[in-house]
1. Could you list, in sequence order, all residues of the stretch 187-197 that are open to solvent by 20 Å² or more (accessible area, probe 1.4 Å) and in contact with a Lys or Arg (Cβ under 8 Å, 6 or more places away or on another chain)?
2. For residues that are modelled with pLDDT of 95 or more and either part of a loop (DSSP other than H, G, I, E, B) or among the hydroxyl-bearing types (Ser, Thr, Tyr) (or both), tally how many sit in the stretch 80-100.
3. Would you confirm whether or not the stretch 282-292 contains a residue that is assigned to a strand (DSSP E or B) and modelled with pLDDT under 95?
4. Mind checking which residues of the stretch 184-199 are out of contact with any helix residue (DSSP H, G or I) (no Cβ under 9 Å at 6 or more places or on another chain) and modelled with pLDDT of 95 or more?
5. So, in the stretch 239-278, of the ones that are surrounded by fewer than 21 Cβ atoms within 10 Å (Cβ to Cβ) and small (Gly, Ala, Ser), which residue ends up modelled with the highest pLDDT?
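The values are calculated or read from the model by the stated rules, or taken from the named source; none is laboratory data. Just so it is clear, the model here is predicted, and its values are computed rather than measured. All Cβ positions, even for glycine, are placed from backbone atoms using ideal geometry, and neighbour counts span all protein chains on display. Just so you know, the surface numbers come from the protein's heavy atoms only, side chains and all, with ligands and any DNA or RNA stripped out. Shrake-Rupley method; radii C 1.70, N 1.55, O 1.52, S 1.80 Å.
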Amino acid sequence: MSQPGGAPYPVPPGYGDPSQAPPPGFNMGYSGQPAVMYQPGPVGPVPGPEYGGPPGGISPAPGVPAVPVGVPPGLEYLTQIDQILIHQKVELLEAFIGFETNNQYEIKNSLGQKIYKAKEKNDCCTRNCCGSLRSFDMKIKDNMDREVIRLIRPFRCVSCWCPCCLQEMEVQAPPGTTIGYVKQDWHPFLPKFSIQGANKETLMRLEGPCFACNCCGDVNFELKGKDGDTPIGRISKQWSGLLKEVFTDTDNFGIQFPLDLDVKMKAVLMGACFLIDFMFFEKVGEANQRSSVFS
């Protein structure tokens, strides 16, 4: 549109100029729907500053449901994406003296924009005595600092020689309401997991390589349907570079899943990613990282 006389209307700042796009995130090699730029704000009108102040949350358009039916509060954004990137933050205390601290993560979309943050909740004794097998609660919060997901990992064995006490994680969204579980399945040499619903019914399966060791390359855990045959996505431990891999405990993961997957199962897959990180890629002090279900 143009003003009388042919002069174009000025373009308001902040609107979709492709040249102003943020730098891309990790390249997972998938082609899918473009990532949504902004995480949804609070539902409904948001009280805030007077005219001229910073904008508040964006209200939904008239006639459009504010929250999709069956979606836990705070997870609305997950309905619009098919990829998630998880970046573990560098802890200086761990890097310099090897003292284990609570793990912290940033959860991003495919453009590298932060959509959630996660932090382990644990005590000093458990972290440094139980190592990567430690039990913990992990809180996942959105950009408005609301806790939207809670992950609960009890203390369990991790070796295939103890099939009666293998790894398990409970996923709650919102906190207090269980939406699913991640359960390790016994196998003599492969890391296998069942992605389960709230009633512990198996909905998907996850299978990793015989040796989960990322020596100069990515490690892929394939996500399959209930039958265990049809690939529908993956969780990838991404190579971070020699210096980071050797001298720090920071990991980068990518999760790919169908766009129309139940949003609750997308949240459970995030829990599976954190469980895999602790099982195979968490290095505590001078202890070696695990690479298989034998050790």
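1. Lys192
2. Residues in the stretch 80-100 being modelled with pLDDT of 95 or more and either part of a loop (DSSP other than H, G, I, E, B) or among the hydroxyl-bearing types (Ser, Thr, Tyr) (or both): 2 in total.
3. no
4. Result: Ser194, Asn199.
5. Going through the qualifying residues, I end up with Ser240.
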